[in-house]
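Okay, structure first, notes after.
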Amino acid sequence: MSALLSVQHISVTLGARQALKDISLDVGAGEFVGLIGPNGAGKSTLLKTAAGLIQPDGGACWNYGKPISALSAQERARQLSYLPQARPVFWSVTARDIVALGRFAYGAPLVEDSRDEEAIVRALADAGATHLATRSAAELSGGELARVHLARALAGETPLLLADEPIAALDPAHQLGVMKLLQSKTKEGRSVIAALHDLTLAARYCTRLIVLKDGRLLADGTAKEILSPDLLKIAFDVGASIDWTEKGAILQLEPLT
Ligand SMILES: Nc1ncnc2c1ncn2[C@@H]1O[C@H](COP(=O)(O)OP(=O)(O)OP(=O)(O)O)[C@@H](O)[C@H]1O
Ligand SMILES: [Mg+2]
């Protein structure tokens, strides 16, 4: 059986820079993959390529054996949701209007039926954004807007969610809430690949971590298998000590100089 997402030997050049170099990975149902790596490592580029938004120079991404580049926009929207890292809103639309865009694959927002309505209400609630629904999106705080965009991505109820830094702008309680929510979605059989900079939360909630550096895949495995002071030094140029507890890893990071 082909994988939900199969990334095979992709290379991506952006401007003069090779952003991804021969990356391969398969993601199956129910996985919560944390994509980690320093700024510029290629995390966003990998997510955009898996979402079919960037065409790789070499290699290809597949969805259950079909090239993602061959799927129509609507077919793609039924298979995967993409939460971009940059999410500006300049228009005077309500938060609910943004979330309704997540129903594109089903015909909304032009035509909404009761299933769309239920999905939109559920996604707003899941993202802790119900109270924001009627607010103008342009007036929301960074963290509020981040949760509305997350709700938009959740509203598609797709098998795969590609989330670029879904907790970056959130306060600690909402960071924990979103990580728990994504974990619960994967326990229901959906899959999530999330670019994350919080290594402690990534180690605690993700079933698998993929580490990128300079466009290359440095490590791929469970937190326990791959996180080590050596790896963190190579990946992030930091000194690290790691204590493992029942809930995951307690990391102490130090600058090297
Ligand atoms: N449109 C572009 N043109 C040229 N270079 C680009 C473009 N987009 C990204 N890059 C470069 O590609 C590399 C990978 O960028 P990417 O955004 O994937 O990194 P990232 O791992 O998501 O980093 P961050 O943690 O800062 O979000 C970087 O060196 C970046 O400068
Ligand atoms: Mg990025």
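The values are calculated or read from the model by the stated rules, or taken from the named source; none is laboratory data. The model shown is predicted, which means the values in this text are computed figures rather than measured ones. Ideal geometry is used to build each Cβ from the backbone, glycine not excepted, and the neighbour counts take in all protein chains shown.
What to note about this one:
- Given (1) of a type outside the set (Lys, Arg); (2) closer than 23 Å to Glu31 by Cβ; (3) crowded, with 23+ Cβ neighbours inside 10 Å, index of the condition Ala168 fails: (3)
- Residues being within 18 Å of the chain's Cα centre (by Cα), more than 16 Å from ligand 2 (Cβ to nearest atom) and either farther than 23 Å from Arg190 by Cβ or buried (at least 16 other Cβ atoms within 10 Å of the Cβ) (or both) are entirely absent from region 82-91.
- Some residue of region 3-23 being in contact with a Phe, Trp or Tyr (Cβ under 8 Å, 6 or more places away or on another chain), buried (at least 23 other Cβ atoms within 10 Å of the Cβ) and among the small types (Gly, Ala, Ser): no
- Hits in region 196-240 - residues which are under 21 Å from Pro255 (Cβ atoms), of a type in the set (Gly, Ala, Ser) and buried (at least 16 other Cβ atoms within 10 Å of the Cβ): Ala202, Ala203, Ala235, Ala240
- Matching helices (runs of 4 or more DSSP H) fully within region 73-143 where at least 2 residues are touching a residue at least 60 places away in the same chain (Cβ under 8 Å) and farther than 22 Å from Gly177 by Cβ: 73-79
- One residue from Ala29, Ala41, Ala19, Ala51 being farther than 21 Å from Arg208 by Cα and of a type in the set (A, V, I, L, M, F, W, C): Ala19
- Entirely in region 1-71, the strands (runs of 3 or more DSSP E) that have 2 or more residues that are touching a helix residue (DSSP H, G or I) at 6+ places or on another chain (Cβ under 8 Å), free of Cβ contacts under 8 Å to residues at least 60 places away in the same chain and away from ligand 2 (no atom under 16 Å from the Cβ): 5-14, 58-63
- Of all residues in region 29-66, those being among the charged types (D, E, K, R) and near ligand 1 (Cβ under 8 Å from one of its atoms) number 2.
- Residue check, Ala16 among the aliphatic types (A, V, I, L, M) and at pLDDT 95 or above: no
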